[in-house]
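The values are calculated or read from the model by the stated rules, or taken from the named source; none is laboratory data. As the structure is a computational prediction, the values presented were derived from the model and not from experiment. Positions of Cβ are backbone-derived with ideal geometry, glycine not excepted, and every protein chain shown enters the neighbour counts.
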Amino acid sequence: MSLPSVNPAEIVKKQYFFKLRANIDAYSSLVGIQLLAILMSLWGSGSSGIYSEALSVDVKNYSADIVIAFTMIWGLTTAITITTKPFRFHDFTFVTNRITSGLSNLFFLLTISVVGGILAMLARHLIILIAYSFFNQELYGSPAIGKEFILGMFISILYIFFVSSFGYLIGTLVQVNKASVLIIPVLVIGSVFIDATMQRNPMVMNILEFYFMESSPLIFTLKALVSSIILFAASIVIINRMEVRK
Amino acid sequence: MISTLTIIGVTVIFIAILSLYIRVSRKFVTIKITHWLLLVYTGVLVVSMIASPFVIDVKGKQILQISEDESEKVKQDFYAKISKGKIDEISNRGLLKHSSFEFHQPSLKINFTGIETPLIYIEKTKTADQRIEAYAFVTGLFINGVDFTEKIQPPRFTVSDIDGSITIHNEEHQTINVSLLKNEFTITQFLGGAKMFSLIKHDAPVIYLKVPKDLEITSETGIEPIVVE
């Protein structure tokens, strides 16, 4: 008697498509959160001005920065959500192991990051149109279309994916040990206090600068992708140590 | 041209994905409200993308930016020219107003209304025979390197040939509201242009008067006209 052999790639593919269908409601929350961000962006994503006795100049900036930031938060929460028990149990519908489950989650999060990133960048045009049509704003500047737009879209996708992978690791840690809900914030806030006491640049700031201050798109892509892969690999390794169906 | 091609390309891709998505979805899954929500939302965003460049173009708001160094150079160049009386060489962009008046008095008293005391240059010339040519120039209003000079309200001039005076009427207070489109941080991180606050450069309007050569000039307290040699 021989046991039927299974192809891991085929399982990952099946799980991935299943997750796309099963987690379709994540897109409802994406639309909701982006609409909220668009609404907030209508007040301007920044404003400044000069005021003198003779002249006042008020400058309002319009961009999709808030939409991208909110989409990153959405990516983080979606990633945490898929690590919870009910979502993990979906995988047991298939012949599976922790690695195939982790890989299908990675591809699922990559897909939602692509959708989220594209929609977030497209949202800038809706902000422009609403500001022009309903708030009678005269808009100055040139619309980012072409290379700039594609770059913005690509980098937004990378940011969302990176934040999702971070969320996935947090979610995994919480599933392994519930105390992580407390330990992770304590570690982050504690490190800020320790760095402040020792009068050095906070580690959190150094980490943020590592990504946000990078001026080369190529190096940033490498940083974001490598970091995401490391975070996913760590998550898979951690969850692989868990008992089956725990 | 590139932007038009991009718009057409994205629209074609969107329609293709939309039709494929509906066809595939009907085959494998029941279309839920989420699908429609996502499709309608994506559709609205794509339509907005197609419409937004036209909104900006229609009102002629797509304007060229100049660097901060260039705007500083424009300013220096302006003062160098006006102090030497070379107003013909000053760009038309800087000229807010030009008025011409007949004047037959032996002396001219300069008055002003408004909050800011104007900077006044006076050129005594033979060519201005029994006339006063009044110009209001401005170095410009630059916000993040974008020229908003057109938004500045020019001062008005009134000349009285009876009591021999010219009054410069400045706006009591002017408010200028400007809405700028800013690139997202995912673009500015690599291409620059990220500014938390806008850099605003503005100088009060400069008045230039061409008067007859032998005219005696007096002025209100606070005004110190500079005579151009």
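Per-structure values
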quantity	calculated
Count - residues of segment A:27-41 that are at the interface with another protein chain (Cβ under 8 Å from one of its Cβ atoms) and over 17 Å from B:Thr42 (Cα atoms)	0
Wholly within segment B:140-225, strands (runs of 3 or more DSSP E) carrying at least 2 residues that are touching a Lys or Arg at 6+ places or on another chain (Cβ under 6 Å) and within 14 Å of chain A (Cβ to nearest Cβ)	B:174-181
Answer from A:Glu138, A:Glu209 - the residue that is surrounded by fewer than 17 Cβ atoms within 10 Å (Cβ to Cβ) and in contact with a strand residue (DSSP E or B) (Cβ under 7 Å, 6 or more places away or on another chain)	A:Glu138
Checklist (1) part of a helix (DSSP H, G or I); (2) touching a strand residue (DSSP E or B) at 6+ places or on another chain (Cβ under 8 Å); (3) facing another protein chain (nearest Cβ under 8 Å) applied to A:Ile127, failing item	(3)
Extreme residue, modelled with the highest pLDDT, among residues of segment B:177-229 that are surrounded by 17 or more Cβ atoms within 10 Å (Cβ to Cβ), farther than 26 Å from B:Glu70 by Cβ and of a type in the set (S, T, N, Q)	B:Thr186
When residues of segment A:41-64 are limited to those that are of a type in the set (Phe, Trp, Tyr) and in a strand (DSSP E or B), the one surrounded by the fewest Cβ atoms within 10 Å (Cβ to Cβ)	A:Tyr51
Members of segment A:20-34 that are in a helix (DSSP H, G or I) and surrounded by 15 or more Cβ atoms within 10 Å (Cβ to Cβ)	A:Leu20, A:Ala22, A:Ala26, A:Tyr27, A:Ser28, A:Leu30, A:Val31, A:Ile33, A:Gln34
Residue satisfying condition, being at pLDDT below 90 and not in a helix (DSSP H, G or I), within set A:Ser191, A:Ser215	A:Ser215
Strands (runs of 3 or more DSSP E) lying entirely in segment B:74-137 (those with 1 or more residues that are at pLDDT below 85)	B:95-102, B:119-125
Selected residue (criterion: farthest from the other protein chains (Cβ to nearest Cβ)) from residues of segment A:42-82 that are over 19 Å from A:Asp25 (Cα atoms) and among the aromatic types (Phe, Trp, Tyr)	A:Trp43
Single match in A:Ile38, A:Ile68 (criterion: part of a helix (DSSP H, G or I), among the β-branched types (Val, Ile, Thr) and touching a Gly at 6+ places or on another chain (Cβ under 9 Å))	A:Ile68
A:Phe161 surrounded by 19 or more Cβ atoms within 10 Å (Cβ to Cβ) and at pLDDT 95 or above	yes
Test: A:Ser191 is surrounded by 13 or more Cβ atoms within 10 Å (Cβ to Cβ), without any contact (Cβ under 8 Å) to a residue 60 or more places away in the chain and of a type outside the set (D, E, K, R)	yes
Residue in segment B:30-42 that is at pLDDT below 70 and not acidic (Asp, Glu) present	yes
